[in-house]
Amino acid sequence: MKVCIYGAGAIGGYLAVGLAEAGVEVSLVARGPHLAAIKERGLTLRTDEGERTVRLAASENPEELGPQDSVVVALKAHSVPAVAKRMTSLFHDATTVVTAVNGVPWWYFHGVGGPLDGTRLETVDPGGVQWEAIGPERAIGCVVYPAAEIDEPGVVRLIEGDRFTLGEPSGEKTDRVTALSEAFRAGGFKAPVRPRIRDEIWVKLWGNLSLNPVSALTTATLEEICRFPETRHVIRQMMQEGQAIGEALGVRFAIDVEKRIAGAEAVGAHKTSMLQDLERGRAMEIDALVAAVQELGRLTEVPTPTIDAVLALVKLRGFKAGAYGLEF
């Protein structure tokens with residue numbers, strides 16, 4: 001199996017090392033000092049058990065890597081539309097595209113049936129660029145649970161986790177998703193195939209929707225925003241609005257709001273990814289995590305007053321920090 005990791009950052013790098021060690025022919029699309037280090041010294045994964053280094057084909061230009069059996073997209077959601085057309089040089093007729101990206105996926109309404117079937121989400125796929133260039137029939141859903149960071153160029157450090165839940169948008173257990181799951185498992189990852197991948201997406205999205213923007217606005221850790229009564233109330237309201245939207249779309253929530261908040265609180269003094277991006281001057285995933293849920297609310301006619309208010313504030317916060325683009 002030939003697999004290209006498009007976006008070989010922390011999560012993409014973690015995946016690449018495991019898959020390569022399992023005998024998968026892995027290549028990387030990366031850039032900058034990280035790419036230069038990988039070419040010179042290989043890609044290193046740092047864990048509590050030590051370090052492992054693999055040598056991989058890597059390039060900033062996907063055309064140099066040739067057609068792949070699967071492309072794992074491990075970029076931030078807002079970065080994908082700009083590279084969607086370049087990505088097609090990696091495709092053959094049966095290439096799958098695994099969307100290991102946070103937030104509402106651009107293919108969400110592919111094959112769902114009913115009046116929203118085929119709906120394109122402007123907040124995550126402006127102009128339908130991904131829908132047209134990649135094609136929803138290639139998509140395989142992926143919910144990413146591990147946490148990892150780039151310690152230095154060419155070196156990825158695993159913080160925790162090894163689960164990448166996979167699922168076809170149709171809910172079928174196809175040969176292609178089964179083959180991917182087996183490859184992931186051979187690489188040391190947990191990779192269950194779920195028949196209702198959108199349910200899994202929503203459980204993670206539930207937290208990202210609320211915890212991320214509240215932490216970015218307050219610069220507080222997970223345990224702080226969950227323990228402070230007023231911010232806990234805002235988080236709860238956002239989750240309840242999100243749950244109403246999800247249920248209107250047929251999603252089944254396996255846990256309740258309080259249990260989800262308690263799980264986040266238990267993580268402790270951890271900064272969310274959105275807060276980390278804000279502090280480091282990197283583009284914030286506001287659209288895929290929050291604005292997309294607002295868009296889903298409009299489509300389902302579910303009111304989102306708390307989401308609307310927090311979204312307005314975090315958009316301006318990101319804009320003032322140079323981490324979110326706005327036009328007035």
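For this structure, a couple of remarks:
- Residue count for region 174-209 satisfying the condition of being under 17 Å from His270 (Cα atoms) and in contact (Cβ under 8 Å) with a residue 60 or more places away in the chain: 3.
- Residues located in region 1-56, provided they are within 21 Å of Ala94 (Cβ to Cβ), without any contact (Cβ under 8 Å) to a residue 60 or more places away in the chain and out of contact with any helix residue (DSSP H, G or I) (no Cβ under 6 Å at 6 or more places or on another chain): Glu25, Ser27
- Checked against (1) in a helix (DSSP H, G or I); (2) surrounded by 13 or more Cβ atoms within 10 Å (Cβ to Cβ); (3) modelled with pLDDT of 95 or more, Gln276 meets all criteria but (3).
- Condition check for Arg194: surrounded by fewer than 20 Cβ atoms within 10 Å (Cβ to Cβ), at pLDDT 95 or above and in contact with an Asp or Glu (Cβ under 6 Å, 6 or more places away or on another chain): yes
- Among the candidates Arg232, Arg227, Arg236, Arg194, the residue that is among the basic types (Lys, Arg) and touching a Cys at 6+ places or on another chain (Cβ under 6 Å) is uniquely Arg232.
- Of the helices (runs of 4 or more DSSP H) that lie entirely inside region 183-269, those containing 2 or more residues that are under 17 Å from the mean Cα position of the chain (by Cα), under 25 Å from Gly318 (Cβ atoms) and not β-branched (Val, Ile, Thr) span 197-218.
- Residue match in region 317-327 (condition: assigned to a loop (DSSP other than H, G, I, E, B) and at positive phi): yes
- Screening region 10-41 for residues that are surrounded by fewer than 17 Cβ atoms within 10 Å (Cβ to Cβ) and small (Gly, Ala, Ser) and picking the one that is farthest from Gly187 (Cα to Cα) gives Gly32.
The values are calculated or read from the model by the stated rules, or taken from the named source; none is laboratory data. Since the structure is predicted, the reported quantities are computational estimates derived from the model, not experimental observations. Heads up, the Cβs are rebuilt from the backbone with ideal geometry, glycines too, and the neighbour counts pull from every protein chain shown.
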